[in-house]
Amino acid sequence: MGDLTDHDGYDPYSFEVRKDPYPQYEELRKKCPVHHHGLDSVDVERINANPLVARPTTEFWSVTRYQDCVEILQNAALFASGQGPGPERLVALDGIGMLIYADEPHHSRQRRIVGKGFSPRMVELVAPKIQALADELIDGFADRGEVDATPEYANAIAMGGICEMLGVPASDRPLFRRWTEETIAAFGGNTETYEQSFAALMELSQYFMAEIERRRERVAGGKDVPDDILSALIFSPYEERQFNDVELIMACQILLVAGNDTTTHAIGNAINLLCTHPEERAKLEADWSLLDNAMEEVIRFEPPVQGLFRNTTAATEVAGCPIPDDAKVRVMYASANRDSDYLPDADEFRIDRDPKALRRHLGFGFGNHACLGSAMGRMELRTAVRTLFSRLPDVGLDPDRPPQRLDAFFMRGFETLPLRWTPPGRGA
Amino acid sequence: MSLEVRIDDGLCLGAQRCVYLAPAVFDLNANGQAEVLEAGALSDDELIAVARQCPNFAITVLRDGEVVVGGD
């Protein structure tokens, strides 16, 4: 012991960790707050199969304490994003790499254009549509008395939400679901999934370029265009901040992907946590003014994004541990959120925590790359939860079909989340 | 004349860049958005530099009613 960088027994890719990472995070925070992971040959090959890899990654460092994570996230000059949020060290796509793949000066310019569309002000305007969608979905399955909430409720709301923002008509949503799934499958994937992901990106590019051209022609002809994010991206009023066509496509792809699994699994985790913590659920059902705080606690306790990577721009130290230049550093939001130095009794799920302390969690990241869609995600999450639990008051996990955890490196959520309730009109 | 600092709660996402850089000036409120504690706790130049770093462009700084940072 004494060496902070090698803690046997923690393998970030192991099945045990994917099942329940929190005991391991606690060990790491106590004994090895900066954990070095040397990738085995299979993982090296898998990760570096991405054709955009600039230099192969053979190792990375995971940072697990709250304060260390904060310092990294607030130091974007030393811990850069331009090589991507995953373990891969991607080629620097100067001016094309978008948002989570971008550093200054491009990042701020892009964020200003995209951010307006996802501001709390804009999100309020979309909220009634998300409410209508949640009601419509429940209308569709209420009489069955059972549903798998992951695809039929949580993901339907997430996909519906992002398609609504991008102005994608309902009839085209199955296409988008496929493109999104194929893109997401490529995160830490293999050669086959990378090829699929590129094919999906090409199809998505054609779709959006056609729509972008249609809108440009309408504007050129003095006609109006839909008032949605896509129009905001195309017709940014500031010349020096306008996106080129490649940036437009990259923005659309990132928004599709970023708004999908994250929101899906946040909703699933919320449903599961409330169903498995009856006292907390009772508190919420007795006082719905706790909803915002309860959803914040969900994101803290079980963040769908467990951690993302940065890349060092110089040799440095974190918690006394040397980290070389050009190294991939994994910032473990999920572990930071359970750090008792940040929040007392952090391993308990409690919806009535002090809101000011709670809001400092890292579930949406922190600092200049903090989640751009957080207002949107929060709105979708609270709408989904309030609508489900108030319309189906005795909804609970299906005792005959236990939920299946997602087996994923970045995300934490449920592959399936079967629910059951008494159908309306058949109450006891 | 000292600077006036405003947070636009239609834009603030609670990224906490300002709270991190200048905790004497900015705090996080119970809604998870920034609020101004004491604009005079930093020099004008320091305050302007912090305000420019808001990733959501939610901070406006005014001097004698004239916009110095933000507002677009």
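The values are calculated or read from the model by the stated rules, or taken from the named source; none is laboratory data. Since this is a predicted model, take the numbers as computed values, not measurements. Every residue, glycine as well, gets a Cβ built from its backbone with ideal geometry; the counts of neighbours run over all protein chains shown. Side chains included, ligands, DNA and RNA excluded: accessible areas come from the protein's heavy atoms. Shrake-Rupley method; radii C 1.70, N 1.55, O 1.52, S 1.80 Å.
Assess whether A:T316 counts as being β-branched (V, I, T), open to solvent by 10 Å² or more (accessible area, probe 1.4 Å) and at negative phi. Let's see the steps before the verdict.
Values: β-branched (V, I, T): yes; open to solvent by 10 Å² or more (accessible area, probe 1.4 Å): yes; at negative phi: yes.
Spelling it out, A:T316 is indeed β-branched (V, I, T), open to solvent by 10 Å² or more (accessible area, probe 1.4 Å) and at negative phi.
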The range A:103-135, subset more than 10 Å from chain B (Cβ to nearest Cβ), touching a helix residue (DSSP H, G or I) at 6+ places or on another chain (Cβ under 9 Å) and open to solvent by 60 Å² or more (accessible area, probe 1.4 Å), residue modelled with the highest pLDDT: A:K129
Tally of residues being buried (at least 21 other Cβ atoms within 10 Å of the Cβ) and not aliphatic (A, V, I, L, M) across the range B:51-68: 4
Any hit, the range A:322-331, residues being open to solvent by 30 Å² or more (accessible area, probe 1.4 Å), at pLDDT 95 or above and in a strand (DSSP E or B): yes
Residues of the range A:376-404 satisfying the condition of being surrounded by 16 or more Cβ atoms within 10 Å (Cβ to Cβ) and either in contact with a strand residue (DSSP E or B) (Cβ under 9 Å, 6 or more places away or on another chain) or hydroxyl-bearing (S, T, Y) (or both): A:T383, A:T387, A:L388, A:L392, A:V395, A:L397, A:D398, A:P403
Wholly within the range B:15-69, strands (runs of 3 or more DSSP E) carrying at least 1 residues that are at the interface with another protein chain (Cβ under 10 Å from one of its Cβ atoms): B:26-28
Unmet criterion (only one of (1) in contact with a Ser or Thr (Cβ under 9 Å, 6 or more places away or on another chain); (2) within 12 Å of another protein chain (Cβ to nearest Cβ)) for A:L78: (2)
Restricting the range A:83-102 to residues that are buried (at least 21 other Cβ atoms within 10 Å of the Cβ) and out of contact with any Lys or Arg (no Cβ under 9 Å at 6 or more places or on another chain), the residue that is modelled with the lowest pLDDT: A:G97
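Residues that are closer than 16 Å to A:V305 by Cβ, hydrophobic (A, V, I, L, M, F, W, C), touching a Pro at 6+ places or on another chain (Cβ under 6 Å) and not in a strand (DSSP E or B): does the range A:336-359 have at least one? Talk me through it step by step, then tell me what you get.
The initial filter retains those residues of the range A:336-359 that are closer than 16 Å to A:V305 by Cβ, namely A:336-338.
Retained after the next criterion (residues that are hydrophobic (A, V, I, L, M, F, W, C)): A:336.
Checking which are touching a Pro at 6+ places or on another chain (Cβ under 6 Å) leaves us with none.
For the range A:336-359, residues closer than 16 Å to A:V305 by Cβ, hydrophobic (A, V, I, L, M, F, W, C), touching a Pro at 6+ places or on another chain (Cβ under 6 Å) and not in a strand (DSSP E or B): absent.
The rows are residues; the columns are (1) within 16 Å of A:E285 (Cα to Cα); (2) modelled with pLDDT of 95 or more.
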position: A:A346; (1), (2): no, yes
position: A:L358; (1), (2): no, yes
position: A:N368; (1), (2): no, no
position: A:R378; (1), (2): no, yes
position: A:A384; (1), (2): yes, yes
position: A:T387; (1), (2): yes, yes
position: A:S390; (1), (2): yes, yes
position: A:D398; (1), (2): no, yes
position: A:P403; (1), (2): no, yes
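Just for the range A:26-64: of the residues that are part of a helix (DSSP H, G or I) and among the acidic types (D, E), which one is surrounded by the fewest Cβ atoms within 10 Å (Cβ to Cβ)?
Kept after step one, since they are part of a helix (DSSP H, G or I), are these residues of the range A:26-64: A:26-31, A:41-47.
Now drop any that are not among the acidic types (D, E), which leaves A:26-27, A:43, A:45.
Details: A:E26: 17, A:E27: 15, A:D43: 18, A:E45: 13.
Here the residue is A:E45.
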Scan of the range A:340-371 for residues that are among the hydrophobic types (A, V, I, L, M, F, W, C), open to solvent by 20 Å² or more (accessible area, probe 1.4 Å) and either touching a helix residue (DSSP H, G or I) at 6+ places or on another chain (Cβ under 6 Å) or more than 11 Å from chain B (Cβ to nearest Cβ) (or both), ordered by number: A:F364
Residues satisfying the stated conditions in the range B:18-50, i.e. within 19 Å of A:E296 (Cα to Cα) and either of a type in the set (F, W, Y) or open to solvent by less than 60 Å² (accessible area, probe 1.4 Å) (or both): B:V19, B:D27, B:L28, B:N29, B:A30, B:G32, B:Q33, B:A34
Matching residues, the range A:65-77, being closer than 27 Å to A:E26 by Cβ and open to solvent by 20 Å² or more (accessible area, probe 1.4 Å): A:R65, A:Y66, A:Q67, A:D68, A:E71, A:N75
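Scan the range A:255-293 for residues that are in contact (Cβ under 8 Å) with a residue 12 or more places away in the chain, closer than 26 Å to A:R360 by Cβ and assigned to a helix (DSSP H, G or I) and report the count.
Taking the range A:255-293 and keeping what is in contact (Cβ under 8 Å) with a residue 12 or more places away in the chain, we get A:255-277, A:280-281, A:283-285, A:288, A:290-293.
Add one more test, that the residue is closer than 26 Å to A:R360 by Cβ, and what stays is A:258-259, A:261-274, A:276-277, A:280-281, A:283-284, A:288, A:290-293.
Now narrow it down to the ones that are assigned to a helix (DSSP H, G or I): A:258, A:261-274, A:276, A:280-281, A:283-284, A:288, A:290-293.
Residues in the range A:255-293 being in contact (Cβ under 8 Å) with a residue 12 or more places away in the chain, closer than 26 Å to A:R360 by Cβ and assigned to a helix (DSSP H, G or I): 25 in total.
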Residues being part of a loop (DSSP other than H, G, I, E, B), touching a helix residue (DSSP H, G or I) at 6+ places or on another chain (Cβ under 9 Å) and of a type outside the set (A, V, I, L, M, F, W, C) - total across the range A:378-411: 3
